[in-house]
Amino acid sequence: MDMSLKEKSTWLSLLSTVSVFGYYFYNIIGLAELPENESLDIALALSIKTITAVVMIEILFQSLLAISNHREATLGNDERDKLFNYRSTSIAYSVLVCGVFLTLGRIVILEYNPSFEEGQSSWRIPLLTAHILLLSFILAEVSRFAALIFFYRRAY
């Protein structure tokens, strides 16, 4: 099947986001067994590397895609593209709101019961609240990309 430039771009973004941040979260979960100072330094370095990698991958692949489809890249969004963007952003917003409320719930629980965190080994991931928020954002982006691809495939 022939894909439009916007669909190809969405596929590239989806694959790069899932692969790079999948690697990131896999490594972050592994930091729970390390001492706190060491895991904090590793988490910060890993965060910087991951964000840099995503930016570089997106710039490189989106540029190559635009160069190879120069004519289509100069066109703007049509009404169908705008509708697909609105629908997929609505879905992603719902996912993000759920993640934010889960994070707020965690903060409130720990505020009223700080000893809860000490008894759970999986909770010792450095900067856990920040990682939960980041995971919420990444899941929202993945759901947005997946919804866009679905809409382009189904041509709603």
Worksheet item: What number of residues within segment 32-41 satisfy the criterion of being in a helix (DSSP H, G or I), modelled with pLDDT under 85 and open to solvent by less than 90 Å² (accessible area, probe 1.4 Å)?
Response: 1
Item to complete: Among the numbered conditions (1) touching a helix residue (DSSP H, G or I) at 6+ places or on another chain (Cβ under 7 Å); (2) more than 30 Å from residue 7 (Cβ to Cβ); (3) open to solvent by 40 Å² or more (accessible area, probe 1.4 Å); (4) of a type in the set (A, V, I, L, M, F, W, C), tell me where residue 29 comes up short.
Response: (1)
Worksheet item: Can you find a residue in segment 24-31 that is modelled with pLDDT of 90 or more and either outside any helix (DSSP H, G or I) or farther than 21 Å from residue 136 by Cβ (or both)?
Response: no
Worksheet entry | Close pairs from segment 91-109: first farther than 21 Å from residue 151 by Cβ, partner surrounded by 13 or more Cβ atoms within 10 Å (Cβ to Cβ) and of a type in the set (Phe, Trp, Tyr), Cβ under 8 Å, at least 6 apart | 99/137
Worksheet item: Among all residue pairs at least 6 apart or on different chains, which show Cβ distances below 9 Å where the first residue, located in segment 1-21, is open to solvent by 30 Å² or more (accessible area, probe 1.4 Å) and the second is hydroxyl-bearing (Ser, Thr, Tyr)?
Response: 3/152; 4/152; 6/152
Worksheet, complete the sentence: Counting only residues in segment 108-153 that are modelled with pLDDT of 90 or more and of a type in the set (Val, Ile, Thr), the one farthest from residue 23 (Cα to Cα) is identified as 108
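The values are calculated or read from the model by the stated rules, or taken from the named source; none is laboratory data. Predicted, not measured: the structure shown is a model, and the values here were computed from it. Using ideal geometry, Cβ is built from the backbone for each residue, glycine included, and neighbour counts are taken over all protein chains shown. Please note that ligands, DNA and RNA were not included when accessible areas were found on the heavy atoms of the full protein model with its side chains. Shrake-Rupley method; radii C 1.70, N 1.55, O 1.52, S 1.80 Å.
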